[in-house]
Amino acid sequence: HGPAEELGTAGALVRIFPDRGLVLQQINQGQGPGQAPSYEIATLEGRSVARFSTPRNMQLGRPTPDGRGLLASQRDVVAPIRVVPVAGGPLRQLTEAREYDWPLGWSPDGSHVYAWTRINGQEEVMRLPVNGGPAAQWPMARETEQPATLGPDGRYLAYSVKSGSDSRTLAVRRLADGETRVVTRTAFYAPQNRVTGPGGSDANGDEFFYLE
């Protein structure tokens, strides 16, 4: 309680990473000839940490465990999940292209990335080994909506399922055995208020927020 504290100013804010005390903001949309979108990572107090550019049509997600890159995927196209290095350099491909993959987060040891994907029309959550090997898959109901929130230890997934014109069922699934707990069947629906963790749609957190 009490007055809000202003921590700094930002340009076109893209994402907040409260667990790291950082914000990601876009400083150039890259719409001119020969230009590329450019971004800045800064502290909450406004000190610049890194600046980098990406190809057009990229969506940026969570930082890598070592903080040297960001998970990324391309909007509205079939494309693999990549890592964008914040110090510059070529993008690193993590997965094979399937269908509109969206990264949810990392395993605690950084050896796997979790992603939301669609395979043969079926919505699924996948755990993909970064260095190759078989992936684990968890089918989701067709009515399940993105985004979803992955727990910090990679054991639980919070997500919403459409249950009415203006309400959603909010559930938490234990990925190890599929056991699911319904949190509420009357979550209020609005595009900007879907299931999120601290910091945005794909942020890991011990808590998440919703409206009823």
Residue check: is Arg15 open to solvent by 20 Å² or more (accessible area, probe 1.4 Å), at pLDDT below 80 and outside any loop (DSSP other than H, G, I, E, B)?
yes
In the range 97-129, residues that are without any contact (Cβ under 8 Å) to a residue 40 or more places away in the chain, open to solvent by 20 Å² or more (accessible area, probe 1.4 Å) and outside any strand (DSSP E or B) total 7
Qualifying positions in the range 175-184 - closer than 27 Å to Asp109 by Cβ, open to solvent by less than 70 Å² (accessible area, probe 1.4 Å), touching a residue at least 12 places away in the same chain (Cβ under 8 Å) and more than 18 Å from the chain's Cα centre (by Cα)
Gly178
Candidate set from the range 69-85 (those that are modelled with pLDDT of 85 or more and open to solvent by 20 Å² or more (accessible area, probe 1.4 Å)); member that is farthest from Leu150 (Cα to Cα)
Pro85
Just to verify a result, which residue in the range 130-162, among those that are open to solvent by 20 Å² or more (accessible area, probe 1.4 Å) and farther than 26 Å from Pro65 by Cα, is nearest to the chain's Cα centre (by Cα)?
Glu145
What do you reckon, is Arg92 open to solvent by 30 Å² or more (accessible area, probe 1.4 Å), touching an Asp or Glu at 6+ places or on another chain (Cβ under 6 Å) and among the basic types (Lys, Arg)?
no
I'd like the full set of residues that are on the phi > 0 side of the Ramachandran plot and open to solvent by 50 Å² or more (accessible area, probe 1.4 Å), limited to the range 24-68.
Gly34, Asn57
Every pair of residues 6+ apart whose Cβ atoms lie under 9 Å, when the first sits in the range 20-42 and is under 26 Å from Asp66 (Cα atoms) and among the small types (Gly, Ala, Ser) while the second is modelled with pLDDT under 80 and open to solvent by 20 Å² or more (accessible area, probe 1.4 Å):
Ala42/Gly8; Ala42/Ala10
When Ala148 is evaluated against the numbered criteria (1) hydrophobic (A, V, I, L, M, F, W, C); (2) part of a loop (DSSP other than H, G, I, E, B); (3) at pLDDT below 80, which criterion, by number, is the only one it fails?
(2)
The one condition in (1) touching a strand residue (DSSP E or B) at 6+ places or on another chain (Cβ under 7 Å); (2) more than 25 Å from Ala136 (Cβ to Cβ); (3) modelled with pLDDT under 65; (4) surrounded by 14 or more Cβ atoms within 10 Å (Cβ to Cβ) that Ser201 fails to fulfil:
(2)
Quick one: would you say Ala50 is of a type in the set (A, V, I, L, M) and out of contact with any Leu (no Cβ under 8 Å at 6 or more places or on another chain)?
yes
For the range 151-174 the number of residues that are outside any strand (DSSP E or B) and out of contact with any Phe, Trp or Tyr (no Cβ under 6 Å at 6 or more places or on another chain) is 8
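The values are calculated or read from the model by the stated rules, or taken from the named source; none is laboratory data. All values derive from a computational prediction rather than experimental measurement. Neighbour counts run over all protein chains shown; Cβ positions are idealised from the backbone, glycine included. Accessible surface areas use protein heavy atoms only, side chains included; no ligands, DNA or RNA. Shrake-Rupley method; radii C 1.70, N 1.55, O 1.52, S 1.80 Å.
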